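Peer 1: Pasting a structure below so you can have a look.
The values are calculated or read from the model by the stated rules, or taken from the named source; none is laboratory data. Values in this document were obtained by computation on a predicted structure and should not be read as measured data. Backbone-built Cβ (ideal geometry, glycine too); neighbour counts: all protein chains shown.
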Amino acid sequence: MKKDVLEALKNNKDVFISGEELSKKIGVTRTAVWKNIKQLKEEGYEIESVSRKGYRLTTEPDTLDANVLEIEVASKHIGNKIYHFESIDSTNTIAKKLATEGAIEGTIIIAEEQSGARGRLGRNWVSPNGTGIWMSMILRPNIEPMEATKITQITAAAVALAIKKVTGCDVGIKWPNDIIINKKKVCGILTEMSAELNCVNYIIVGIGINVNMNLLDFPEEIRPIATSIKSCVGESVSRKKIVTEILHKFEELYLDFVVHKNIEKSMNICKKYSVTLGNQVKIKNRNKEIIAQAIDLTEDGQLLIKNELGEIEKVLSGEVSV
Ligand code: BT5
């Protein structure tokens, strides 16, 4: 019901809406309306109330509250159901649990803080309270398990475009799963999958973005390699706006892929923003380390390299330093 009150206030942002009108619209008593308004105010919404005129929403906090995000995202697909947690171990872990229990495609799990967030290969992901976007998406694409790398590329494309659009920051994509600003990591993507031999049960895409942290908020060991959107913009940025834009962009590119079998648009974005292509790179993969020239991205989201012998190779994943 709080969601209905908030939605009505948001839809009438510049005008007053009376308690009576609200109660009729939502189908609850005026006391219930008043209680919800009170609760919204406690959550940081500034709502002007004037007798005989009613209520008017003036300022919204930068909350990632599920009710608010669902209104903002307004999608029947990616973001159709959003779960918001104050503190959990890892949004990817919760997403897996929900996916196993049957959660539908497009379900989003988002947290203010993660205590056991993961990167690839069991590495840690630093996720302090209230300053970043720590979220996971549940997807159920009808694709071959081999194609999961494409989902990482679609996500990287969506995140890069969204950050660029909302903040104007110069973003780069470092293949396969980093978004960078000024040569430092601002976002990491972790794609995990449950699959049979030739079909995918579900894919969880975890996205971690450093939004409003200062350099000193990062542990010392990652300060040389990490940055935030705030460091680029010079002031705090609305996480809600970035999340909304990411989900919209992702939905567009993802549906293009799963419905129209078209990955070209995403790959073109990945190529356009790539900081990897055209450069000499060092690729660490398991125990092997090679130096090569990064030449292109394939339609499968793999990196094409020219090794020291001049041979062309495809790389599926790995640690790349430019
Ligand atoms: C990644 O792994 O970059 C994937 C990170 C995915 C995090 C999201 S948050 C929501 C969801 N829930 C999860 O539990 N995870 C996902 P990788 O490429 O392996 O990079 C990990 C490395 O990045 C670490 O070893 C650190 O060096 C560095 N790092 C850790 N935290 C960072 C941060 N906040 N910003 C920048 N770099 C960080």
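Peer 1: Tell me whether the range 268-279 contains one or more residues that are small (Gly, Ala, Ser) and surrounded by 15 or more Cβ atoms within 10 Å (Cβ to Cβ).
Peer 2: Within the range 268-279, one or more residues are small (Gly, Ala, Ser) and surrounded by 15 or more Cβ atoms within 10 Å (Cβ to Cβ).
Peer 1: For Ile283, which of the numbered conditions (1) farther than 27 Å from Val211 by Cβ; (2) crowded, with 21+ Cβ neighbours inside 10 Å; (3) out of contact with any Gly (no Cβ under 7 Å at 6 or more places or on another chain) fails to hold?
Peer 2: The number of the failed condition is (3).
Peer 1: Follow-up. Having 1 or more residues that are under 15 Å from the mean Cα position of the chain (by Cα) is the bar; report the strands (runs of 3 or more DSSP E) wholly within the range 25-130 that clear it.
Peer 2: Those strands (runs of 3 or more DSSP E) span 82-88, 108-114.
Peer 1: Need the failing condition index for Pro176 against (1) of a type outside the set (D, E, K, R); (2) under 18 Å from Val320 (Cβ atoms); (3) away from the ligand (no atom under 11 Å from the Cβ); (4) part of a loop (DSSP other than H, G, I, E, B), just the number.
Peer 2: Condition not satisfied by Pro176: (3).
Peer 1: For Gly172, which of the numbered conditions (1) surrounded by fewer than 22 Cβ atoms within 10 Å (Cβ to Cβ); (2) of a type in the set (Gly, Ala, Ser); (3) out of contact with any Phe, Trp or Tyr (no Cβ under 8 Å at 6 or more places or on another chain) fails to hold?
Peer 2: Checking Gly172 against (1) surrounded by fewer than 22 Cβ atoms within 10 Å (Cβ to Cβ); (2) of a type in the set (Gly, Ala, Ser); (3) out of contact with any Phe, Trp or Tyr (no Cβ under 8 Å at 6 or more places or on another chain), the one that fails is (3).
Peer 1: For the subset of the range 286-322 comprising residues that are among the basic types (Lys, Arg) and part of a strand (DSSP E or B), which member is surrounded by the fewest Cβ atoms within 10 Å (Cβ to Cβ)?
Peer 2: Lys288
Peer 1: Name the pairs: first residue in the range 182-200 and farther than 15 Å from Glu147 by Cα, second residue of a type in the set (S, T, N, Q) and more than 9 Å from the ligand (Cβ to nearest atom), Cβ to Cβ under 7 Å, at least 6 apart or on different chains?
Peer 2: Close Cβ pairs satisfying both conditions: Ile189/Thr152; Ile189/Thr155.
Peer 1: So which of Ile82, Ile88, Ile109, Ile78 ends up being more than 24 Å from Leu255 (Cα to Cα), modelled with pLDDT of 95 or more, of a type in the set (A, V, I, L, M) and out of contact with any Lys or Arg (no Cβ under 9 Å at 6 or more places or on another chain)?
Peer 2: Exactly one residue qualifies, and that residue is Ile88.
Peer 1: Still on this structure: Got a number for residues in the range 66-120 being among the aromatic types (Phe, Trp, Tyr) and either out of contact with any Leu (no Cβ under 9 Å at 6 or more places or on another chain) or surrounded by fewer than 18 Cβ atoms within 10 Å (Cβ to Cβ) (or both)?
Peer 2: Total satisfying the criteria: 1.
Peer 1: Okay, moving on. Within the range 197-235, which residues are within 12 Å of the ligand (Cβ to nearest atom), under 15 Å from Ile133 (Cβ atoms) and not in a loop (DSSP other than H, G, I, E, B)?
Peer 2: Val205, Gly206, Ile207, Gly208, Ile209, Asn210, Asp217, Ala226, Ile229 - these are the residues of the range 197-235 that are within 12 Å of the ligand (Cβ to nearest atom), under 15 Å from Ile133 (Cβ atoms) and not in a loop (DSSP other than H, G, I, E, B).
Peer 1: State the number of residues belonging to the range 165-215 that are more than 20 Å from Ser231 (Cα to Cα) and small (Gly, Ala, Ser).
Peer 2: Residues flagged as more than 20 Å from Ser231 (Cα to Cα) and small (Gly, Ala, Ser) within the range 165-215 amount to 3.
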